[in-house]
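See structure below.
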């Protein structure tokens with residue numbers, strides 16, 4: 001899998017421009033519109049997937065914090081007895 005940490009943002013822009021020029025120069029206006037819409041849809045899906053992963057990770061972190069706090073509470077209760 002491609003890691004974004006190995007390529008800086010300027011390189012991403014240059015790569016995107018080169019790919020766009022390579023594809024778009026030989027395509028009709030309609031083809032460019034279709035491809036543009038396809039890439040926009042793909043980008044939206046990638047962003048949605050990333051948001052879902054981040055949300056799940058945050059929920060997992062919160063669940064772990066709750067579990068840790070419950071254990072601490074039990075430990076404190078046992079010290080009172």
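Read-outs: derived from the displayed coordinates by stated rules, not from any lab. Please read these numbers as outputs of a predicted model, since none were measured by experiment. Every residue, glycine among them, receives a Cβ derived from its backbone with ideal geometry; neighbour counts consider all protein chains shown.
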Legend entry - Estimated inter-spin distance, residue 59 and residue 42, nm [label 7 Å along Cα→Cβ]: 2.9 nm
Inset, instruction - Evaluate the chain: find the radius of gyration of its Cα atoms, find its Kirkwood radius, and give the ratio Rg to Rh. - result: 1.38
Legend entry - Structure-based [θ]222 nm, the chain - -39500 (n - 2.57) summed over DSSP H runs of at least 4, per residue, nearest 500: -30500 deg cm²/dmol
Legend entry - Rounded to 10°, Cα long-axis angle of helix 9-24 versus longest principal axis of the chain: 40 degrees
Inset, instruction - With everything on Cα atoms, drop me the angle between helix 29-80 and the longest principal axis of the chain, reported from 0 to 90° to the nearest 10. - result: 10 degrees
